[in-house]
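Asker: After the C-alpha cells below, expect a handful of questions from me.
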Amino acid sequence: MAVDDRCRTFQALTRRIVGYVLLSAALFTVVLSTVSFLLVSRSALRTFRASAEATVTQRVERSAMAIAAAQASAVQISHNTAVLEALASDQASPAVKPLLDTLKNTSFGIIGLTLYTPTRTYTTSGMAGVPTLAEMLQEPQIAAFVRSDEPSWLSVRTSHMAHIYQDVRYDPSFGMITYIVRLPQGFLFMDLHPRYIYQSFFDYREHPNFAGIETYILTSRGTYLRSPFNQEEHARYLSEAVPGATTLSRDRRFLIVARPFAAPGSQVVSLVPLEPYYRRMRAFLLLLVGCAGLSALAAWLLGRYLSSTIVGPLMRLRAKMQRWSA
C-alpha cells in the first residue's frame, strides 16, 4: 500500500472517530436542550399566567371596593332628611343641591348626581340640559330596573348617553357607569367617570412586569367603555374572551383575562402581552444555543484526543512493522 493511501486511511479513521463523538454529543445536546426548553417554557408560562391573573384580579377587586364605597355614600345620602322631605313635597328644597354637591366632591370619580322626585329634578353643579326620567328610561336596562323591585342597580352602558356635562374632562363617547338607587318616591342617579376607573385601577404603565396590559370594561351587550390607554385595533381580541376565564389569543400574542365587573352581566377584560414571556424564552434559547456550541467544541476536542490515542499507536505500530519487514 502506498504511503498516500495509508495516510488517507488513517485520516478517514480520524474523521470517523471525531464524527461519531460529535454526532453522539449533538444528539444528546439536542434531546437535552429540547426537553429543557419545553419544560422551562411551560413552567415559565404557568408562572407568567398565574402572576398576570393575580395582578388583574387584584385591580378588579380594588375597583369593585371603590365603586362599593361610592354606592354606600349614595345610599346614605338617599336616607337624608332633606332628600326624603324633597321627595314627599311639591316644594323645591334648597337643601338638596348642597347635599348632592357634597357627595360629588367626596370622590374625583363622581362626575354628577341627579335626584328625580315625582315633580322635580335636582342636580349637582356643572350639569346642564339634564334629561328627564322618561328619557333615561329609553335605556332598556334602566327601564327594566325601574319596573323591577330591586333597591339599586349599577348600569354600565355606551348607548343613550346624555350630553349633560359642562365639564370638558368628560367625553360621552367613553360611556358611562351609573349607580341608581330606588327611593320611596323617586330615584337617585350617581354617574361615575369611566376614565377615573381606568386611571385609578387599570393603569399598568408603571408596573414592573405588566406595563403593557390593556383593560376593557365590557357592557352586558358586548360593547366596551373606551380608555385612553387602549389601542383600538386590539379591541378585536375581545371576541375571544371567555367570561371568568383566562385564555390564550389565537395568534398567541396576548393572555386574555376576563373577570366579572361590579355591574351584572359586565366584565373586565385585560389583554396581557406575552412579549415579556417570549423575550425571556428567547434569552433562554440563546443560552441553550451557546451551551450547545460549547458542547460541540468540547466534543470536537474530545474526538481529536480519542482519535490521536487510537490512530497514533496504529501509525507507530505500522511503522515498526514496515521496519521489521525491510
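Asker: Being free of Cβ contacts under 8 Å to residues at least 12 places away in the same chain and either among the hydrophobic types (A, V, I, L, M, F, W, C) or closer than 24 Å to Ser93 by Cα (or both) is true for just one of Ala128, Ala134. Which residue is that?
Answerer: Ala134
Asker: On to the next question. For Gln141, only one of the following conditions fails: (1) within 12 Å of Met190 (Cα to Cα); (2) under 37 Å from the mean Cα position of the chain (by Cα); (3) touching a residue at least 60 places away in the same chain (Cβ under 8 Å). What is its number?
Answerer: Here Gln141 clears every test but (1).
Asker: Now for a different question. Which condition breaks for Ala72 when tested against (1) surrounded by 12 or more Cβ atoms within 10 Å (Cβ to Cβ); (2) farther than 22 Å from Thr215 by Cβ; (3) at pLDDT 85 or above?
Answerer: (1)
Asker: Let me ask something additional. Against the condition of a type outside the set (Phe, Trp, Tyr), within 19 Å of Ile177 (Cβ to Cβ) and not in a helix (DSSP H, G or I), how does Ser73 come out, does it pass?
Answerer: It is false that Ser73 is of a type outside the set (Phe, Trp, Tyr), within 19 Å of Ile177 (Cβ to Cβ) and not in a helix (DSSP H, G or I).
Condition check ((1) over 13 Å from the mean Cα position of the chain (by Cα); (2) on the phi > 0 side of the Ramachandran plot; (3) not hydrophobic (A, V, I, L, M, F, W, C)) across all residues:
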residue	(1), (2), (3)
His234	no, no, yes
Leu238	no, no, no
Val242	yes, no, no
Leu248	no, no, no
Arg253	no, no, yes
Ile256	no, no, no
Val272	no, no, no
Glu275	no, no, yes
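Asker: Quick check on the stretch 209-220: of everything there that is in contact (Cβ under 8 Å) with a residue 40 or more places away in the chain and not in a strand (DSSP E or B), which residue is nearest to Thr158 (Cα to Cα)?
Answerer: Ranking the candidates gives Thr219 first.
Asker: Between Ser63, Ser107, Ser148, Ser152, which is at pLDDT below 85 and out of contact with any Gly (no Cβ under 7 Å at 6 or more places or on another chain)?
Answerer: Result: Ser107 is the single residue among Ser63, Ser107, Ser148, Ser152 that is at pLDDT below 85 and out of contact with any Gly (no Cβ under 7 Å at 6 or more places or on another chain).
Asker: If you don't mind, another one. Spot the failing condition for Tyr179; the list is (1) part of a loop (DSSP other than H, G, I, E, B); (2) closer than 15 Å to Thr114 by Cα, and only one is missed.
Answerer: So the condition that Tyr179 fails would be (1).
Asker: Can you tell which of Pro118, Pro131 is surrounded by 14 or more Cβ atoms within 10 Å (Cβ to Cβ) and assigned to a loop (DSSP other than H, G, I, E, B)?
Answerer: Pro131
Asker: Kindly indicate which of Leu87, Leu22 is modelled with pLDDT under 85, over 22 Å from Ser266 (Cα atoms), in contact with a Pro (Cβ under 7 Å, 6 or more places away or on another chain) and assigned to a helix (DSSP H, G or I).
Answerer: Only one candidate qualifies: Leu87.
Asker: Can you tell me which residue among Leu113, Leu154 is over 23 Å from Gly222 (Cβ atoms), in contact (Cβ under 8 Å) with a residue 40 or more places away in the chain and buried (at least 16 other Cβ atoms within 10 Å of the Cβ)?
Answerer: Leu113
Asker: Another question about this same structure. Name the pairs: first residue in the stretch 221-243 and under 14 Å from Gly265 (Cβ atoms) and without any contact (Cβ under 8 Å) to a residue 40 or more places away in the chain, second residue surrounded by 17 or more Cβ atoms within 10 Å (Cβ to Cβ) and among the β-branched types (Val, Ile, Thr), Cβ to Cβ under 7 Å, at least 6 apart or on different chains?
Answerer: Listed by first residue and then by second, the contacts come to Ala241/Ile256; Ala241/Val269.
Asker: Among the residues of the stretch 50-84, which ones are under 27 Å from the mean Cα position of the chain (by Cα) and more than 18 Å from Gln267 (Cβ to Cβ)?
Answerer: Within the stretch 50-84, Ala50, Ser51, Ala69, Ala70, Gln71 meet the criteria.
The values are calculated or read from the model by the stated rules, or taken from the named source; none is laboratory data. This is a predicted model, so every value here is computed, not measured. No Cβ is skipped: glycine too gets one built from the backbone with ideal geometry, and neighbour counts run over all protein chains shown.
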